[in-house]
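These notes concern the structure reproduced below.
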Amino acid sequence: MPPTATHEQQTTAFYAQYRSRLEQLVAHRAGWIDSATIEDACSHAWMQLLRHDRIDLTQPAGRTLGWLVTTAEREAWRLDRRNRIESADAGSHILDAIAAANDVTTPSNEDLALLHERLDLIRQVPERPRRFLLRLIVGYSYNEIATQENTTYRIVNRQVARAKRLLRQIDARENAGEGGEAQAPSA
């Protein structure tokens, strides 16, 4: 009777046979997540398989592959969430980029006051459309924003239009509150 292969040897053989299939399945199930994140998630799943020797690789391959797909998919969602949070935190650098794009190195007090007024208006816009608008202001194209946000061109267009509409409404309200008789635009 030949000796049984160790868990590590079984995992290595399973990896050689199903590596590309796992990536295909995870990419299909988490379609809009970028390929680098999917690759990282699949690597995580393989490492989990190596660590968990309780998983019987002598069972039908579909069970183990299903376990790997679920593990990799969950990791892909977790990594994607983390990447989104990190990209949202990077928004504080957007203001520096706005100033740099407008060649504002040492702004006057008037320029600072105007910039603060504009930023106060922008802060009143909900987070998602504001994020899309700020990326547009910095100079990203609609297609680049769609790629960064893992969404479609159409969604970017809608979010930017929504942000602009809300900014006009907020500005009209504030101008009307300063003594002017401006009409509030309808939604």
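Please treat every number below as a calculation from the coordinates, not as lab data. Because the structure is a prediction, the values reported are computed rather than measured. FYI the Cβ positions are ideal-geometry reconstructions off the backbone, even for glycines, and counts take in every protein chain you see.
Points to keep in mind about this one:
- Given charges at beta-carbon only (K, R positive; D, E negative), |dipole| of the range 7-89 in Debye: 260 debye
- Using θ = phi - 60° and Karplus 6.51 cos²θ - 1.76 cosθ + 1.60, couplings along the range 149-158 (whole Hz; Gly, Pro as x): 8, 6, 9, 9, 4, 4, 5, 4, 4, 5
- Difference of contour (0.36 nm per residue) and Cα-Cα distance, residue 24 to residue 164: 46.5 nm
- Residues whose amide H comes within less than 5 Å of that of residue 55, counting only those at least five positions distant or on another chain, are absent (H built at 1.01 Å from N in the peptide plane).
- In sequence order, calculated HN-Hα J values of the range 12-28 (Karplus, 6.51, -1.76, 1.60; Hz; x Gly/Pro): 4, 5, 5, 4, 4, 7, 10, 4, 5, 5, 4, 4, 5, 5, 5, 4, 5
- Dipole orientation for the range 103-163: of the candidates 141, 125, 151, 151 has the Cα lying most toward the positive pole (charges on Cβ; Lys, Arg +1; Asp, Glu -1).
- Equivalent ellipsoid, the range 7-89 (semi-axes from 5 times Cα gyration tensor eigenvalues, Å): 25, 12, 10
- Peptides 122-128, 72-78, 163-169 ordered by average Cβ neighbours within 10 Å, highest first: 72-78, 163-169, 122-128
- In order through the range 74-84: 3J(HN,Hα) via Karplus (6.51 cos²θ - 1.76 cosθ + 1.60), integer Hz, x for Gly, Pro: 4, 5, 4, 5, 5, 4, 5, 4, 4, 4, 5
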